[in-house]
Amino acid sequence: MDTLFTIENTTTEGSDHIIAVSLNPSHAIFEGHFPEKPILPGVCTLEIIKRAIAHSVGSSLRYEAIADCKYLALIEPEKDQHLILRMNVIQADDQIHYTVKGAVWSGDQVKLKLKSTMIML
């Protein structure tokens, strides 16, 4: 996973986090998913979101719950190499939970919408 993507830029305004991510289209995962038409596996998209939010808030995180996750379009590494994560991240009063709501974009197309709770490790 470490070479699958790179966090290019992070911008935070209050609870709004905008994170630019670049995919590595030559990563080995695309050889098996799928050789003729590579797409980013859904579980990898969730992992990218988790790691990007962790990077943005400066803490290691894991998912505690995913209330809603809608995949709206395939993420093709050649066509969708540059992704924008637009996430609203609110830290709970207990200081260890985060409510994360937002979407993954490629250009002007929403690829995924997510509502989740993450917890600090």
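What follows is calculated from the coordinates using simple rules that are stated; it is not laboratory data. From a predicted model like this one, the values you see are computed outputs, not experimental measurements. Reconstructed Cβ throughout: ideal geometry from the backbone, glycine too, with neighbour counts over all protein chains shown.
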Value of [θ]222 nm, deg cm²/dmol, for the chain, DSSP H segments ≥ 4, -39500 (n - 2.57) each, nearest 500: -5000 deg cm²/dmol
Angle in degrees between helix 42-57 and the longest Cα principal axis of the chain, rounded to the nearest 10: 40
Net length gained if the chain between residue 65 and residue 79 were fully extended (0.36 nm per residue, minus Cα distance): 2.0 nm
19 Å cut-off, amide nitrogen to a point 7 angstrom out along residue 15 Cα→Cβ, residues in region 83-116: 85-104, 113-116
Exposed GluC sites (Glu not before Pro) absent - longest run of the chain, DSSP non-H/G/I/E/B, at most 15 other C-beta within 10 Å: 79-121
Farthest positive-ward along region 18-86 dipole, Cα basis, beta-carbon charges - from 26, 44, 69: 69
Euclidean distance of C-alpha centroids, region 1-35 and region 54-121, integer Å: 12
Extension gain, residue 22 back to residue 7 (0.36 nm per residue minus Cα-Cα distance, nm): 4.7 nm
Label-point gap, in nm, between residue 101 and residue 113 - each point 7 angstrom along Cα→Cβ: 1.1
Region 5-120 shape via C-alpha gyration tensor axes, a/c threshold 1.5: prolate
Spacing of the two label points (7 Å from each Cα toward its C-beta) at residue 33 and residue 92, in nm: 2.8
